[in-house]
Amino acid sequence: MNERRTSSGVSFESGRRTARPAKALFIGLALALGACAQPGPGTDPKPENRELGENVKVFDPSMSTADIQAAVDAVKAQQLNAEFGNGRYALFFKPGTYGTPDKPLLIDVGYYTEVVGLGRTPNDVVINGHVNVYNRCLETGTDGNPSNCIALDNFWRSASNMTIKVAGGEGCQAATNFWAVSQAAPLRRMNVVGKFSLMDYCSAGPQYASGGFIADSRFSGTDAVVNGSQQQFYIRNSEVPGWSNGVWNQVFSGVTGAPTTNFGTLSSDGKTLGTYTTLLSTPVSREKPYLYLDSSGAYQVYVPATRQNTSGVSWGSGAESDGRSLPLTSFFIARPTDSAAAINAALSGGRNVLFTPGIYTVSQSIQITKANTVVLGLGLATLTTQNGAVPMRVADVDGVDIAGLTFDAGAVNSPTLLKIGTTSTGGSITNPVALHDVFFRIGGPHLGKASNSLEVNRSGTLLDHLWVWRADHGTGVGWDSNTADHGVIVNGNDVTATGLFVEHFQKEEVLWNGERGKTIFFQNEMPYDPPNQAAWKNGPALGYAAYKVADSVQNHEGWGMGSYIFMNVDPSVHASTAFSVPLSAGVKLHSLLTVQLNKGMGIIDHVVNQMGDPVTGDAATGKPAGTPSMVINFP
């Protein structure tokens, strides 16, 4: 294991880690804390803002720091360990300044909590203090102190559209903002002034982390962003003063200050291989729609425009002007008690939809049939399917934005959870359908089954940060319980994915049939639980590729793509390859890797097709556990 040191003098391990299930054995399931739509802890700071739901807390600068601190601490107390709980919260801050360097506001962000500034740019809301995510400590040591402290399950939370002037904290945690997260915990439109770390190095070990996603954010100061133990991370269209280190797969696109690509290149001391993949620009992007207050104090939703070949933040010269602002009056404000029929009536009448925080039971498809419709979830609003329904369908129309929603499979199998378009013959590159921070779960909070999670038929669709997860822990988890063949199937052409996390599905996790697809950053863990090799075979091939490009495809490209294996039922199970692609001049993959997470627990024989060393857990026969097998370019 190699130790590195950041410019701030913080040391950390940057080598192998144990797999998530090794520590998941110690995690009890979080209790559901109240009904899906119950009011949150405390009272709404501003009762006049309840149009957005009881679980949206709206703060303004006239409130005392002590009162705001008490309110956010009450949400924290409920949500900090509620991994599969029912609470959903959004903490909104009106334009202004909160806290002072001497009396900072310290916000700890728990599960299913969204922290948002309501300004037109991140500069309009200033937090003097921290917006933190720390490790969860899952045990108590013999000395009575917390132990087994990790970030591996720090999922389902977010922060966006504000400035953090880092101040406050005690001891090791002083003067640094920590965002120690794993999947489904994005930062967007953030302006962080001061030290920032993606690893919580202050708690007891082992401090493992498995993130993550940042977009449209600026980090300023003299200290590099601390990657630390984050095994992989994707940063898009942002600005950084430097980057401390990599572990396996650190990917940057359109990031000012990003390190130079060194993936697979041996270090000068001959001890480590580089982990950085950097694209100077992002080929196509559209930032996530966001809520803000206009000059009259009315709520608007800003919908950014699609951009080509960009770098840096979208708000660097002030508020964007190439998108469109939609008044809140153009939205149907959905609550968990609303039926799919009521939501569909609003959609067919030309309304957009804003889902307030909560859990929605969906027994028939929510149908999006009009172009340029915006569907925005607050507080990680969750749609749970019932009776095998497909919770949401998008017709063959362009310009639709779906953002901030989580889709949960139900106990009766659904054919898919979100279907974009019906055919692959239409679509727009300049005004595409776009998904932002959309998450899928098969099992975890309850038994779930779905043959597929996301089906993309509309050409040109943008997939901007997805976590598609067949649960490896929680309720209803088992090879014959939370059954799910595929995570993502792409049939449309010219589909681009920026930040694609897909894990544990029972066949190909991503199946890409469309032409001219692009993926920038892919993270995968193969299923942990095949009972034996006979149960997990694809014809003569052992197991299934994590990322499969159809044999008929002529053009496809990907960058920064990793797949990991940990077989905790039958450790002898093999996967023949992680990536399976056709041999075509137009199919190109860059910066590929495989990793065996725990020694001897499953083997991936090749990285892509028949190329790449096996990860066997044994240096004599392949790559040791925790050491990636890398392919710099294919072919």
### Query
Any chance the stretch 520-542 includes a residue that's under 24 Å from residue 287 (Cα atoms) and among the hydroxyl-bearing types (Ser, Thr, Tyr)?
no
### Query
If you take the residues in the stretch 29-75 that are at pLDDT below 60 and among the small types (Gly, Ala, Ser), which one is nearest to residue 103 (Cα to Cα)?
42
### Query
So residue 568 fits all but one of (1) under 20 Å from residue 495 (Cβ atoms); (2) touching a helix residue (DSSP H, G or I) at 6+ places or on another chain (Cβ under 6 Å); (3) not aliphatic (A, V, I, L, M); what number is the exception?
(1)
### Query
In the stretch 432-475, which residues are touching a Phe, Trp or Tyr at 6+ places or on another chain (Cβ under 6 Å) and among the hydrophobic types (A, V, I, L, M, F, W, C)?
439, 440, 467, 468
### Task
Scan the stretch 202-220 for residues that are more than 17 Å from residue 562 (Cα to Cα) and part of a strand (DSSP E or B) and report the count.
6
### Query
Does residue 541 satisfy being crowded, with 24+ Cβ neighbours inside 10 Å and within 25 Å of residue 612 (Cα to Cα)?
no
### residue 152 being among the aliphatic types (A, V, I, L, M) and assigned to a strand (DSSP E or B)
no
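Each row is one residue, and each column tells you yes or no for (1) touching a helix residue (DSSP H, G or I) at 6+ places or on another chain (Cβ under 6 Å); (2) touching a residue at least 12 places away in the same chain (Cβ under 8 Å).
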residue: 101; (1), (2): no, yes
residue: 107; (1), (2): yes, yes
residue: 110; (1), (2): yes, yes
residue: 115; (1), (2): no, yes
residue: 118; (1), (2): no, yes
residue: 124; (1), (2): no, yes
residue: 129; (1), (2): no, yes
residue: 132; (1), (2): no, yes
residue: 142; (1), (2): no, no
### Task
Could you list, in sequence order, all residues of the stretch 454-476 that are surrounded by fewer than 24 Cβ atoms within 10 Å (Cβ to Cβ) and either touching a Cys at 6+ places or on another chain (Cβ under 8 Å) or of a type in the set (Ser, Thr, Tyr) (or both)?
475
### Task
State yes or no: is residue 258 in contact with a Ser or Thr (Cβ under 7 Å, 6 or more places away or on another chain), modelled with pLDDT under 95 and within 25 Å of residue 435 (Cβ to Cβ)?
no
### Query
Wholly within the stretch 73-129, which strands (runs of 3 or more DSSP E) include no fewer than the required count, namely at least 1 residues that are on the phi > 0 side of the Ramachandran plot and in the same structural domain as residue 165 (by TED's automatic domain parsing)?
96-98
#### Entry: The lone exception for residue 180 - which of (1) over 21 Å from residue 237 (Cα atoms); (2) of a type in the set (A, V, I, L, M); (3) crowded, with 21+ Cβ neighbours inside 10 Å it fails
(1)
### Message
Please pick out the residue among 312, 270 that is farther than 30 Å from residue 202 by Cβ, under 21 Å from the mean Cα position of the chain (by Cα) and surrounded by fewer than 20 Cβ atoms within 10 Å (Cβ to Cβ).
### Response
312
### Message
Could you check the stretch 518-534 and list, in sequence order, the residues that are buried (at least 24 other Cβ atoms within 10 Å of the Cβ) and either part of a strand (DSSP E or B) or on the phi > 0 side of the Ramachandran plot (or both)?
### Response
519, 520, 521, 522, 523, 524, 525
## Note on the structure
Counting only residues in the stretch 617-635 that are within 26 Å of residue 549 (Cβ to Cβ) and assigned to a loop (DSSP other than H, G, I, E, B), the one farthest from the chain's Cα centre (by Cα) is identified as 622
### Query
Among 199, 190, which is touching a helix residue (DSSP H, G or I) at 6+ places or on another chain (Cβ under 8 Å), crowded, with 24+ Cβ neighbours inside 10 Å and in contact (Cβ under 8 Å) with a residue 24 or more places away in the chain?
190
### Message
I'd like to verify a number: residues in the stretch 585-608 that are in a loop (DSSP other than H, G, I, E, B) and buried (at least 18 other Cβ atoms within 10 Å of the Cβ), how many?
### Response
4
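The values are calculated or read from the model by the stated rules, or taken from the named source; none is laboratory data. If you're wondering where the values come from, they're calculated on a predicted model, not measured in any experiment. Glycine also receives a Cβ, built like all others from the backbone with ideal geometry; neighbour counts cover every protein chain displayed.
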